[in-house]
1. Restricting attention to the range 123-138, report how many residues are closer than 16 Å to residue 229 by Cα and more than 15 Å from ligand 1 (Cβ to nearest atom).
2. Just to be sure before I move on: is residue 200 open to solvent by less than 80 Å² (accessible area, probe 1.4 Å) and within 22 Å of residue 170 (Cβ to Cβ) in the structure I sent?
3. If you take the residues of the range 204-252 that are part of a loop (DSSP other than H, G, I, E, B) and in contact with an Asp or Glu (Cβ under 8 Å, 6 or more places away or on another chain), which of them is nearest to residue 153 (Cα to Cα)?
4. Based on this model, can you work out whether residue 52 counts as part of a strand (DSSP E or B) and of a type in the set (A, V, I, L, M, F, W, C)?
5. Out of (1) away from ligand 2 (no atom under 16 Å from the Cβ); (2) among the small types (Gly, Ala, Ser); (3) within 25 Å of residue 36 (Cα to Cα), what's the single condition that is false for residue 192?
6. If you check every pair at least six apart or on different chains, which have Cβ atoms under 6 Å apart with a residue in the range 111-137 that is among the polar types (S, T, N, Q) first and a residue that is assigned to a helix (DSSP H, G or I) and within 15 Å of ligand 2 (Cβ to nearest atom) second?
7. Assess whether residue 29 counts as being more than 11 Å from ligand 1 (Cβ to nearest atom), closer than 12 Å to residue 254 by Cβ and crowded, with 24+ Cβ neighbours inside 10 Å.
8. Can you pull out every residue in the range 118-134 that is touching a helix residue (DSSP H, G or I) at 6+ places or on another chain (Cβ under 7 Å) and either crowded, with 18+ Cβ neighbours inside 10 Å or closer than 16 Å to residue 48 by Cβ (or both)?
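The values are calculated or read from the model by the stated rules, or taken from the named source; none is laboratory data. Only a predicted model underlies this, so the values are computations on that prediction, with no experimental measurement involved. Using ideal geometry, Cβ is built from the backbone for each residue, glycine included, and neighbour counts are taken over all protein chains shown. Just the protein is used for accessible areas: all its heavy atoms, side chains included, with ligands, DNA and RNA removed. Shrake-Rupley method; radii C 1.70, N 1.55, O 1.52, S 1.80 Å.
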Amino acid sequence: MNSLLRKILQLNSYSATNRKLQVIAHRGASGYAPENTMISFRKALDLKADYIELDIQMTKDGEIVVIHDATVDRTTNGTGNVRDFTYEELRKLDAGQWFHKKFSGQQIPTFQEVITEFHGKVGFLIEIKNANLYPSISERLAAELKKNSLDHPNHNEIIVQSFDFEFLEEFNKLAPTIPLGLLVKYRVQGISNVQLKEWSKLVQYINPNKALVTRRLVKKIHDYHMQVMPYTARDMKAVKALKHAKVDGIITDFPDYI
Ligand code: G3P
Ligand code: CA
């Protein structure tokens with residue numbers, strides 16, 4: 001990333017550490033409604049979330065859709081890989097009934113639908129899943145953000161995150177003005193200063209598994225001018241511990257817990 005641009009993005013995000021704790025609704029308010037559906041995102045807004053977190057995949061005909069898994073098996077009444085469905089076929093699946101029959105009729109949203117309804121009302125924390133399955137997803141995502149004027153975001157409007165650092169590097173070449181977050185899985189050895197230094201050259205957010213979070217780690221991440229938004233708090237005990245560690249945001253299924 002161009003070093004001046006990186007500095008600006010980091011200063012923007014770092015000066016935000018004095019702001020209130022950010023509430024990020026994980027797959028929407030997924031403790032209360034079927035994950036990654038419009039009803040779950042609407043519920044997140046009702047519960048005053050600052051961001052909605054959503055996972056994207058791509059259909060056979062190149063539509064970016066919002067669904068967590070690479071297959072439709074767990075969260076719809078269908079079976080098969082998302083990438084083997086056309087958008088029209090995918091649309092026929094029920095994405096709400098598995099959670100509760102009262103949510104029957106929910107469909108897998110397109111990314112564009114989510115932007116159209118929520119842009120300007122809440123921040124987007126967009127996670128790219130399985131980038132290796134979708135060779136053109138970087139280009140498609142960059143184009144869709146540009147089309148919606150989200151490629152020059154206002155403060156806190158959008159963050160693109162992934163567990164895949166190489167994907168983030170590639171995406172950054174296409175959309176250098178979009179703030180990035182690196183998701184970090186639990187690892188016994190924790191996160192080293194060498195890693196933080198390296199990652200801070202590209203990303204503005206480190207979003208670790210909550211089991212990695214200590215007050216010391218949060219301070220180190222801040223020292224490298226990045227913010228921390230751990231995942232996923234599902235009870236008050238976890239929320240309390242993360243607040244104590246002075247994180248910048250909490251990714252949670254229950255936005256009202258925060
Ligand atoms: O936003 C972090 C979190 O969503 C990462 O894990 O599996 O829920 O997508 P997962
Ligand atoms: Ca996710």
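1. Adding up the residues that qualify gives 0.
2. So residue 200 fits the description; yes.
3. Of the range 204-252, the ones part of a loop (DSSP other than H, G, I, E, B) are 204, 213-214, 224-226, 229-230, 232, 234-235, 245-248.
In the following step, the residues that additionally are in contact with an Asp or Glu (Cβ under 8 Å, 6 or more places away or on another chain) were identified as 229, 232, 234.
Numbers: 229: 19, 232: 25, 234: 30 Å.
Step by step, filter the range 204-252, then rank; the result is 229.
4. For residue 52, the condition - part of a strand (DSSP E or B) and of a type in the set (A, V, I, L, M, F, W, C) - is met.
5. That leaves (3) as the condition not met.
6. Matching pairs, first to second residue: none at all.
7. Yes.
8. Within the range 118-134, 118, 121, 122, 128, 131, 134 meet the criteria.
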